[in-house]
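Novice: After the structure tokens below, expect a handful of questions from me.
The values are calculated or read from the model by the stated rules, or taken from the named source; none is laboratory data. From a predicted model like this one, the values you see are computed outputs, not experimental measurements. Note that we place each Cβ from the backbone using ideal geometry, even for glycine, and neighbour counts take in every protein chain shown. For the accessible areas, the whole protein counts, side chains as well, though only heavy atoms, and no ligand, DNA or RNA atoms are used. Shrake-Rupley method; radii C 1.70, N 1.55, O 1.52, S 1.80 Å.
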Amino acid sequence: MNYWLMKSEPDAFSIDDLEMMKSSPWDGVRNYQARNFMREMRTDDIIFFYHSSCKVPSIVGTAKVSKEAYPDHTSWDENSAYFDAKSTRDNPRWFMVDITFQAKWKTPLSLKEMKSDHALVGFKLLEKGNRLSILPLSREHAQHILMSQT
DNA sequence: GCCAACGTTGGC
DNA sequence: GCCAACGTTGGC
């Protein structure tokens, strides 16, 4: 069992969207590090859903991995914003996973709160200059965050 | 809207 | 293989 954080701009895709859809592919990742993390994901891994580029950047809920990495077909769709001519059906460059809604938190956990929480020292999200849209969390950090919700 | 930080691209 | 230029991310 591993723990991950996935960022999304709520204007584009929010926790409410995921709740309505129940499950959704996580398409459009075009960064090698983030892609590699997705390929490490296993069914039932826990995902912290993070809203970025918004008024109060926060973890807003959780989801689970419901389908392990498979080719991101938007990469070979010429009409998609995520099209990449270097990715082909025979040799796909980009992958996605499916995630399934688990919970929307009554009280989101803001970036600001996490930064002031000494127990979260070392969490990559809180380190300066981090731009990765998918990050792993240690079991300790994940459990600490989950505890704060109960 | 600004800008620091970072990844990617491409010329050499 | 180096590195300058460029594009993107995302907090503030």
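Novice: Can you list the GluC sites (Glu not before Pro) in the range A:49-150 that are in a DSSP coil and have 16 or fewer other beta carbons within 10 angstrom? Numbers along the way, then the final one.
Specialist: Values: sites: A:GLU68, A:GLU78, A:GLU113, A:GLU127, A:GLU140; in loops: A:GLU78, A:GLU127.
Within the range A:49-150, the qualifying GluC sites (Glu not before Pro) (loop, at most 16 other Cβ atoms within 10 Å) are A:GLU78, A:GLU127.
Novice: Sorted from largest to smallest, which semi-axis lengths in Å does the alpha carbon gyration tensor of chain A give for its equivalent ellipsoid, taking the root of 5 times each eigenvalue?
Specialist: 27, 16, 15
Novice: Let me ask something else. Taking the Cα centre of chain A as origin, sum charge times position over the Cβ atoms of Lys and Arg (+1) and Asp and Glu (-1), and report the length of that vector in debye to the nearest 20.
Specialist: With Lys and Arg at +1 and Asp and Glu at -1, about 400 debye.
Novice: Just want the answer: with Cβ charges of +1 for Lys and Arg and -1 for Asp and Glu, which residue in A:ALA85, A:TRP26, A:CYS54 is farthest toward the dipole's positive end in chain A?
Specialist: The one lying farthest along the dipole's positive direction is A:CYS54.
Novice: Can you give me the distance in nm between label points at A:THR150 and A:GLU78, each placed 7 Å from the Cα along the Cα-to-Cβ direction?
Specialist: For A:THR150 paired with A:GLU78, the spin-label model returns 5.4 nm.
Novice: With both partners inside the range A:3-147, how many of the DSSP beta bridges are antiparallel, as a percent to the nearest 5? Mind showing how you got there, number by number?
Specialist: On the way: 23 of 29 bridges.
Bridges in the range A:3-147 that DSSP calls antiparallel: roughly 80 percent.
Novice: Still on this structure, I have one more. Looking at chain A, which longest stretch skips every one of the trypsin sites (Lys or Arg not before Pro) that is in a DSSP loop with at most 12 other Cβ atoms within 10 Å, leaving the sites themselves out?
Specialist: Numbers: sites that count: A:LYS22, A:ARG42, A:LYS55, A:LYS86, A:ARG89, A:LYS128, A:ARG131.
Of all site-free stretches, the longest is A:90-127.
Novice: Also, I was wondering about something else. Using a 1.4 Å probe on the protein heavy atoms, what percent of the accessible area of the range A:3-147 belongs to carbon and sulfur?
Specialist: Numbers: 4000 of 8170 Å².
Heavy-atom surface of the range A:3-147 belonging to carbon and sulfur, 1.4 Å probe: 49 percent.
Novice: Beyond 21 Å between alpha-carbons counts as too far, so tell me which of A:LYS22/A:LYS112; A:LYS22/A:LYS55; A:LYS7/A:LYS106; A:LYS22/A:LYS86 fall in that bin.
Specialist: A:LYS22/A:LYS112; A:LYS22/A:LYS55; A:LYS22/A:LYS86
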